[in-house]
Amino acid sequence: MASNASHDHPTPRLYWQIAGALAVLTALETSTYFIEFGPLFAPLLITLMLIKFVMIVGFFMHLKFDTTLYRKFIWTGIILALACYMIAYAALAEIPAGVGLA
Amino acid sequence: MSAAVEETTLGLDHRKLAMWVFLGSEFMFFGAFITTYLIYLNTTNGGPGVELFDIPFTSVSSFVLVMSSLTMVLGHHAHEQGDMRRMRMWILATALLGMVFIGGQAYEFTTFVKEGLTLTTSPFSSAFFVLTGFHGAHVTVGIIILLGLYSLSLTGKVKKDQHVKTEMVGLYWHFVDVIWVIIFVVVYLIPSG
């Protein structure tokens, strides 16, 4: 039988807690615009972004509680998107300086 | 219409499965636009670039969209509990927060155009407007779907036991939010740093 309603979902209390954490993480992201983080700037922002991503997809989209098949679809999309970016970037790196996009 | 889910070969609801496949393809869709934006980031043709971004303003927009994900998931939870009045309240709140976000984007676009950053100013501006414009279009479609769900619920066409419909709308809405989480960092914050 279909299992769409069979998984256990978090409680509203947990949803509020996650939203609070997301608000704090967004504030932290914004703080990088005003505070100098030096070489940690980009890695910090990417880490915060990934934490927010996992929280929304895992809890709000219930991926943490659903079948792993849905997870595979999402990962396929993300991996292909990243592959697209890396291939495009690698191709552009082959273009000599002065030739190009501007 | 019956809310019962037919038995399938995968043991999963086909509608929900289709939604996840669709969302997987949407990641590739936005991945391509984000890639294009990053490639053209420095090709401003002497025109305005990332210095025009108003990070505090965009941060507030991001906060609004993140909070709309909370109201959406609370609406879905209320539907699962069979509390249709509360479900409608949260769905309407989600749509309103989405409208605030779109209003902010319209203001931002208008400001950029006044400052000389238009769709055709440079490869950078084209990539920026196409990426954020497509995201805005997705939010707009989400608002229309939310208002449709609200109306159908009011007229009794979406019933207490049909919470999978709210769940699918929620999946789409959270996806739109999660894409903005990426755009906010990759498009706005990192280039502005």
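Any read-out appearing in this document is the output of simple, stated calculations on the displayed coordinates, not a laboratory observation. Just so we're clear, the structure is a prediction, and the values are computed from it rather than from any experiment. Note that we place each Cβ from the backbone using ideal geometry, even for glycine, and neighbour counts take in every protein chain shown.
So here's what we get for this one:
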{"quantity": "Overall dimensions of chain B as given by Cα atoms, namely Rg and Dmax in Å", "calculated": "18.8, 60"}
{"quantity": "Per-residue Cβ neighbour rank within 10 angstrom, fewest leading, B:M87, A:M86, B:M72", "calculated": "A:M86, B:M87, B:M72"}
{"quantity": "Gap separating the Cα centres of the range B:155-193 and the range B:75-140, nearest whole Å", "calculated": "10"}
{"quantity": "Under the Karplus curve 6.51 cos²θ - 1.76 cosθ + 1.60, θ = phi - 60°, whole-Hz ³J(HN,Hα) for the range B:45-54, x wherever Gly or Pro sits", "calculated": "6, x, x, x, x, 5, 5, 6, 4, 9"}
{"quantity": "Per principal axis, descending, Cα span of the protein assembly as shown in whole Å", "calculated": "63, 37, 34"}
{"quantity": "Shape call, the range A:11-64: gyration tensor on alpha carbons, a/c limit 1.5", "calculated": "oblate"}
{"quantity": "Cβ-based exposure ranking for B:H79, B:H138, in which fewest neighbours within 10 Å come first", "calculated": "B:H138, B:H79"}
{"quantity": "Karplus 3J(HN,Hα) series, Hz, for the range A:9-18 with 6.51 cos²θ - 1.76 cosθ + 1.60 (x for Gly, Pro)", "calculated": "9, x, 8, x, 4, 5, 4, 5, 5, 5"}
{"quantity": "Charge tally in the Cβ shell below 15 Å around B:G142, where Lys, Arg are +1 and Asp, Glu are -1, B:G142 excluded", "calculated": "-2"}
{"quantity": "In the protein assembly as shown, lysine pairs with alpha-carbon atoms under 28 angstrom apart (chain gap of 8 or more, or interchain)", "calculated": "16"}
{"quantity": "Estimated vicinal HN-Hα couplings, Hz - the range A:83-91 in sequence order (Karplus 6.51, -1.76, 1.60; Gly, Pro = x)", "calculated": "4, 4, 5, 5, 5, 4, 5, 5, 5"}
{"quantity": "Gyration tensor over alpha-carbon atoms, the range B:12-57, equivalent ellipsoid semi-axes in Å", "calculated": "36, 14, 5"}
{"quantity": "Ascending count of other beta-carbon atoms within 10 Å, so fewest first, for A:L48, A:L92, B:L171, B:L65", "calculated": "A:L92, A:L48, B:L171, B:L65"}
{"quantity": "Other-chain or far-sequence residues with amide H under 5 Å of B:D13's (modelled H)", "calculated": "A:S3, A:N4"}
